[in-house]
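Take a look at the structure set out below.
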Amino acid sequence: MSCRRRVLSRVTLVVLLTGCFPAFAAEDVAALIKRQSQEFSDASASGDAAVLSRYLDDRVTFMIEDGSVVSKHDIVASAGPAPSGMSNHLVQTDFNVEVYGTVAVTRFTDQSTVTVAGQVSHTNYRSTEVWQKEAAGWRMISSQTIAVPQDPPAITLPTTVLDEYAGTYKAGADFTFVITRHGDELTGAVNGGKPYALKAELKDVLFTPGQPRLRRIVQRDAGGKVIGVISRRDGHDALILKRTS
């Protein structure tokens with residue numbers, strides 16, 4: 001092989017390797033962020049203040065699932081072991097990270113398993129976090145979390161109670177809501193539209209599967225007669241309907 005060809009081969013190799021380095025670097029950062037993010041979730045569940053403090057930037061903007069904004073000091077100061085008989089385990093799923101130089105943006109779901117007095121409950125939390133490369137390493141500078149709404153368990157009510165709900169309800173002249181009983185099931189329909197299922201969470205508290213943020217609260221008069229329905233979303237009364245038939 002001539003000297004020229006050897007030089008060209010080495011140059012080509014250097015170019016090819018150099019071109020690969022950014023991709024390798026991005027992959028390494030993504031793996032690092034994923035590991036640190038899971039460690040942060042683990043520390044949140046166990047109350048490990050040292051890990052929480054290590055990974056949080058001093059100026060972090062942190063919004064928890066109830067909408068409150070807390071500081072690094074708040075998070076670290078409130079950390080600690082769970083009370084006796086209680087434990088929480090967080091596992092991240094559908095994790096995604098995008099690296100933009102010295103900033104990384106993640107999204108994932110924390111699957112929470114809480115055990116209290118031997119009873120187990122499950123809740124999912126969806127989060128997005130922003131990490132920034134600093135002198136001491138990658139630190140979280142922003143986090144926003146929401147609790148993923150879930151349908152409540154349904155109960156079975158006697159058909160005599162379901163018959164009390166069946167009827168027509170109105171909110172003004174342009175909005176009509178009709179509840180119909182089909183055997184031991186209920187459906188609701190708005191303005192003659194396609195009927196959809198109504199389930200009972202409790203007596204006089206109805207919901208539609210797939211719409212966990214919405215409840216329909218049955219109103220009764222002093223004698224127990226059904227006189228209306230309140231459509232309640234996220235704890236707020238969105239619409240009040242009066243029974244007309």
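The values are calculated or read from the model by the stated rules, or taken from the named source; none is laboratory data. In this text the structure is predicted, and so the values were computed from the model without any measurement. When we count neighbours, we look across all protein chains shown, and the Cβ atoms used for this are built from the backbone with ideal geometry, even at glycine. Remember, those area values only see protein heavy atoms, side chains included, never the ligands or the DNA or RNA. Shrake-Rupley method; radii C 1.70, N 1.55, O 1.52, S 1.80 Å.
Hey, could you check the stretch 115-172 for residues that are of a type in the set (S, T, Y) and under 30 Å from T102 (Cα atoms) and say which is farthest from the chain's Cα centre (by Cα)? Even if it seems obvious, please write down each step before you answer.
Restricting attention to the stretch 115-172, the residues satisfying the condition of being of a type in the set (S, T, Y) are 115, 121, 123, 125, 127-128, 142-143, 145, 156, 159-160, 165, 168-169.
In the following step, the residues that additionally are under 30 Å from T102 (Cα atoms) were identified as 125, 127-128, 142-143, 145.
On the way: Y125: 4, S127: 7, T128: 10, S142: 17, S143: 13, T145: 7 Å.
Result: S142.
Just to verify a result, which residue in the stretch 67-93, among those that are assigned to a loop (DSSP other than H, G, I, E, B) and without any contact (Cβ under 8 Å) to a residue 24 or more places away in the chain, is most open to solvent (accessible area, probe 1.4 Å)?
Step one: list which residues in the stretch 67-93 are assigned to a loop (DSSP other than H, G, I, E, B), which gives 67-68, 71, 79-85.
Subset that is without any contact (Cβ under 8 Å) to a residue 24 or more places away in the chain: 67-68, 71, 83-84.
Details: G67: 45, S68: 48, S71: 45, P83: 85, S84: 127 Å².
Selected residue: S84.
Can you find, within the stretch 94-133, the residue that is surrounded by the most Cβ atoms within 10 Å (Cβ to Cβ) among those that are small (G, A, S) and in a strand (DSSP E or B)?
Of all residues in the stretch 94-133, those small (G, A, S) come to 101, 104, 112, 117-118, 121, 127.
With the extra rule that they be in a strand (DSSP E or B), the set shrinks to 104, 112, 121, 127.
Details: A104: 24, S112: 18, S121: 9, S127: 19.
For the stretch 94-133, the residue satisfying everything is A104.
Pairs under 6 Å by beta carbon, first residue in contact (Cβ under 8 Å) with a residue 60 or more places away in the chain in the stretch 222-245, partner part of a loop (DSSP other than H, G, I, E, B) and among the hydrophobic types (A, V, I, L, M, F, W, C), six or more apart or different chains?
Listed pairs, sorted by first residue: L239/A171; L241/A171.
Against the definition (in contact with a strand residue (DSSP E or B) (Cβ under 6 Å, 6 or more places away or on another chain), open to solvent by 20 Å² or more (accessible area, probe 1.4 Å) and more than 27 Å from S68 (Cβ to Cβ)), how does T180 come out, yes or no?
In short, yes.
If you go through the stretch 24-35 one residue at a time, do you hit one that is modelled with pLDDT of 95 or more and among the aromatic types (F, W, Y)?
No: zero hits.
For the stretch 2-10, check the following and say yes or no: at least one residue is at pLDDT 95 or above and open to solvent by 70 Å² or more (accessible area, probe 1.4 Å).
So far as the stretch 2-10 goes, no, none of its residues is at pLDDT 95 or above and open to solvent by 70 Å² or more (accessible area, probe 1.4 Å).
Under the condition of being part of a loop (DSSP other than H, G, I, E, B) and at pLDDT 95 or above, which residue from the stretch 223-234 is farthest from A171 (Cα to Cα)? Spell out how you get there, then give the answer.
Kept after step one, since they are part of a loop (DSSP other than H, G, I, E, B), are these residues of the stretch 223-234: 223-225, 234.
Filter once more, keeping what is at pLDDT 95 or above: 223-225.
Values: G223: 23, G224: 21, K225: 19 Å.
Here the residue is G223.
Any idea how many residues of the stretch 197-211 are open to solvent by less than 40 Å² (accessible area, probe 1.4 Å) and within 21 Å of the chain's Cα centre (by Cα)?
2
Please list, ordered by residue number, the strands (runs of 3 or more DSSP E) wholly in the stretch 140-222 having 1 or more residues that are out of contact with any Asp or Glu (no Cβ under 7 Å at 6 or more places or on another chain) and closer than 30 Å to F62 by Cβ.
Ranges flagged: 214-220.
Within the group L214, L186, which residue is open to solvent by less than 30 Å² (accessible area, probe 1.4 Å), modelled with pLDDT of 95 or more and farther than 17 Å from G167 by Cβ?
Details: L186 fails: farther than 17 Å from G167 by Cβ.
Exactly one of L214, L186 is open to solvent by less than 30 Å² (accessible area, probe 1.4 Å), modelled with pLDDT of 95 or more and farther than 17 Å from G167 by Cβ, namely L214.
Restricting attention to the stretch 134-167, and to residues there that are in contact (Cβ under 8 Å) with a residue 60 or more places away in the chain, β-branched (V, I, T) and open to solvent by 30 Å² or more (accessible area, probe 1.4 Å), which single residue is nearest to V76 (Cα to Cα)? Show your work before the answer.
Taking the stretch 134-167 as the starting set, the residues that turn out to be in contact (Cβ under 8 Å) with a residue 60 or more places away in the chain are 134, 138-147, 149-152, 164-165, 167.
Imposing the further condition that a residue be β-branched (V, I, T) reduces the set to 141, 145-146.
Applying the additional criterion that residues be open to solvent by 30 Å² or more (accessible area, probe 1.4 Å) yields 141, 146.
On the way: I141: 15, I146: 20 Å.
Among those that are in contact (Cβ under 8 Å) with a residue 60 or more places away in the chain, β-branched (V, I, T) and open to solvent by 30 Å² or more (accessible area, probe 1.4 Å), it is I141.
Does R233 qualify as being open to solvent by 30 Å² or more (accessible area, probe 1.4 Å), under 30 Å from T128 (Cβ atoms) and touching a Leu at 6+ places or on another chain (Cβ under 6 Å)? Give the derivation first.
Details: open to solvent by 30 Å² or more (accessible area, probe 1.4 Å): yes; under 30 Å from T128 (Cβ atoms): yes; touching a Leu at 6+ places or on another chain (Cβ under 6 Å): yes.
Answer is yes for this residue.
Evaluate the following for V51: is it assigned to a strand (DSSP E or B), surrounded by 17 or more Cβ atoms within 10 Å (Cβ to Cβ) and of a type outside the set (D, E)?
Considered against the rule, which asks whether it is assigned to a strand (DSSP E or B), surrounded by 17 or more Cβ atoms within 10 Å (Cβ to Cβ) and of a type outside the set (D, E), V51 comes out as no.
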